[in-house]
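Remarks on the structure that follows.
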Amino acid sequence: MAAAFLLLLPVILSATVVDDLRNLRPPPDFNSTITGNCLRNPSLRYCGNSRPLGGLDEIFKFTVVASHLCNESRNPNCIESFDKIDLRGRPKIAPLYLSFDFFWKYCPLSIQSIDFSNNSLRGEFPTSVLACAQVRALDFSHNELSGDFPVEMLASLVNLTVLNLSYNHFSECKLSESLVFRRFNSSNFVHSGLIPNKQSFAVKAMFLMIGLPLMVILLVGFMAMLCFRRRNLSLESRQPRHHFTTSMLNAATSGFSCENLEGKSDGVDIYRGILRDGTQARIEIYWSDISTESMRKFVEECEVLVQLRHKNLVRVFGWCNDREMRAIVMEWTDGESLEIWLTERAPPLKHRLKVLVGVMEGMCYLHELWPQVGYDLRTSSIILSRNLEPLISRFEFDSRNSISKSKFIYKHKFGVLLLEMITDIGKMEDIEAGEAGFIEYIRMNFPANSQNLLDERIMNGSTTIEQARQVIEIGLACIDHSANEQLKMDWIRLILLRIYRACHANGSPNHGRFSGDRDKRHKHGQ
């Protein structure tokens, strides 16, 4: 009767095993069936006097799962008994059967082989399976099982000869526990995590012998580099605020790239750079070697230049005096030189006067506050900003000249600049080359032929011509040795400003006023 009942169970099952188990109840004569089975075969696991309450429901579920599992495992005879549970590669149903603890509790004694391999099972090893103490072969390879393997329970499976736990993630067994596995083939524990892998051990040993010392060396090297970097930063922080290092200029010019190189001359490279705060800078690098004493003087001069503050002076940001180079860092000006401006732009007289007033204001600032600072007044060295503000861009130091002699020299240079700004140098190609020939030609033709001296591009009426003549008169006074000594720079600036304002208003200043003012300055002295 029991055999017939088991034969009919696969027909009864539908949907899923879980749904069937929830809905199925033992038939009325199921108790007599179990009693008859136990009389015929007392060794059945559900036989005995220790059945729990509700035992018939549990046994009934067991018989349902056993019949179904027998067919799923493709056993040839599912009427009386079956000898294997084969659910390898069945990841959808394998976890379900493992969850039926009541089945494993009454595991049929006929089962000799259990195979749950290649099912991606996760979590700890299902210890309920080990209730099949008579099993000879157990395969849980190629899963994702982890944690501790129940070695103590494994020892009770005395008939077990084949155990495959390869390719899992179990925790490594202690040495005493690993002795239990010696009765099995070690190839069945490959990458299981249970027994130390000799190759892995060799790799670890190699790492400890070679890799670890190498890591220590690299770490020490990194720490040394970090300390060196911090030392450089510390040195930079202790440098004067306006001092630039080679690395700072290297970063500002993208490694002194060709794209940032703006010009070259004998021993000097001029770069456009961007400082850390985003400011554009003109970086002049001097490659000539100088003595230690000259380097000291260079730094002293730069310490003065960084203090200059005037709208008509190019600002000096700082300097570099590293072993590799010597450099001056100044503000970058996008304007053109005064020389190019006069040649290509044909500016009117009022613009030229505005520039001359600005140059004189810068000169007055230097001579009053920084008499030790020299400068270049050539038209090629004066830069014009976009709003026609002239910027003196070349500075020098000359301790050999006294302050009074220095003023005489720069008033002379300014006088030459005045004449170059007003006259037409192109008409003077036949004169002797050099500044002396240029000045002599002006003196010979002024005032009788003064109109022929003027740049025709500034002539737009008799008023402009008269104002230009007055500028030439000031220029010649600056060049004349006797008059130069009597002229003060602030008076020169005042006269030029008066002419500029009159020119801007299209009015003619009183020519005699200049002569009168000059006579007054003769009385004041220098």
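The values are calculated or read from the model by the stated rules, or taken from the named source; none is laboratory data. Since this is a predicted model, take the numbers as computed values, not measurements. Note: ideal-geometry Cβ built from the backbone for every residue, glycine included; neighbour counts use all protein chains shown. Keep in mind that these areas ignore ligands, DNA and RNA; they rest on the heavy atoms of the full protein, side chains included. Shrake-Rupley method; radii C 1.70, N 1.55, O 1.52, S 1.80 Å.
Taking the range 294-325 only, how many residues are within 30 Å of L356 (Cβ to Cβ) and outside any strand (DSSP E or B)?
13
Okay, residues lined up against (1) surrounded by 14 or more Cβ atoms within 10 Å (Cβ to Cβ); (2) of a type outside the set (S, T, N, Q); (3) not assigned by the TED database to the domain that holds I383:
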| site | (1), (2), (3) |
| --- | --- |
| R276 | no, yes, yes |
| R282 | yes, yes, yes |
| S288 | no, no, yes |
| H310 | yes, yes, yes |
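Any residue in the range 327-345 that is within 23 Å of Y286 (Cα to Cα) sitting within a Cβ distance under 8 Å of a residue that is among the hydrophobic types (A, V, I, L, M, F, W, C) and part of a loop (DSSP other than H, G, I, E, B)? List the pairs, counting only those 6 or more apart or interchain.
Cβ pairs passing all conditions: A327/F244; V329/F244; V329/L275; M330/V314; E331/V314; T333/V314.
Among the basic types (K, R) and either open to solvent by less than 60 Å² (accessible area, probe 1.4 Å) or without any contact (Cβ under 8 Å) to a residue 24 or more places away in the chain (or both): is that true of K297 in this structure?
Details: among the basic types (K, R): yes; either open to solvent by less than 60 Å² (accessible area, probe 1.4 Å) or without any contact (Cβ under 8 Å) to a residue 24 or more places away in the chain (or both): no.
Taking the combined requirement at face value, the residue does not satisfy it.
Looking only at residues that are open to solvent by 20 Å² or more (accessible area, probe 1.4 Å) and assigned to a loop (DSSP other than H, G, I, E, B) in the range 380-392, which one is nearest to E435 (Cα to Cα)? Write out each step before concluding.
Going residue by residue through the range 380-392, those that are open to solvent by 20 Å² or more (accessible area, probe 1.4 Å) are 380, 383, 385-389.
Going one step further and asking which of them are assigned to a loop (DSSP other than H, G, I, E, B), we end up with 380, 385-389.
Values: S380: 15, S385: 27, R386: 30, N387: 30, L388: 26, E389: 26 Å.
Out of the qualifying residues, it is S380.
Determine which single condition Q526 fails, assuming it passes every other condition in (1) assigned to a helix (DSSP H, G or I); (2) modelled with pLDDT under 70.
Checking Q526 against (1) assigned to a helix (DSSP H, G or I); (2) modelled with pLDDT under 70, the one that fails is (1).
Restricting attention to helices (runs of 4 or more DSSP H) lying wholly within the range 101-184, give those where 1 or more residues are in contact with a helix residue (DSSP H, G or I) (Cβ under 9 Å, 6 or more places away or on another chain) and closer than 19 Å to I195 by Cα.
Values: elements: 101-105, 151-154, 175-178.
So the answer is 151-154, 175-178.
Please work out which residue is modelled with the lowest pLDDT, limiting yourself to the range 11-36 and to residues that are within 20 Å of F103 (Cβ to Cβ) and open to solvent by less than 30 Å² (accessible area, probe 1.4 Å).
L13
Would you mind finding the one in F62, F103, F125 that is closer than 14 Å to H142 by Cα and either of a type in the set (K, R) or open to solvent by less than 20 Å² (accessible area, probe 1.4 Å) (or both)?
Details: F62 fails: closer than 14 Å to H142 by Cα; F103 fails: closer than 14 Å to H142 by Cα.
Just one listed residue meets the conditions, F125.
Right, N401: modelled with pLDDT under 90, within 55 Å of the chain's Cα centre (by Cα) and under 20 Å from P347 (Cβ atoms) or not? Don't jump to the end; show me each part of the working.
Working: modelled with pLDDT under 90: yes; within 55 Å of the chain's Cα centre (by Cα): yes; under 20 Å from P347 (Cβ atoms): no.
Against the criterion (modelled with pLDDT under 90, within 55 Å of the chain's Cα centre (by Cα) and under 20 Å from P347 (Cβ atoms)), N401 does not qualify.
Specify which of the listed residues (I442, I409) is assigned to a helix (DSSP H, G or I), open to solvent by less than 30 Å² (accessible area, probe 1.4 Å) and at pLDDT 85 or above. I'd like the intermediate steps shown before the answer.
Working: I409 fails: open to solvent by less than 30 Å² (accessible area, probe 1.4 Å).
After applying the criteria, what remains is I442.
Which members of the range 80-98 meet the condition of being among the small types (G, A, S) and either farther than 22 Å from L163 by Cβ or open to solvent by less than 20 Å² (accessible area, probe 1.4 Å) (or both)?
S81, A94, listed by residue number.
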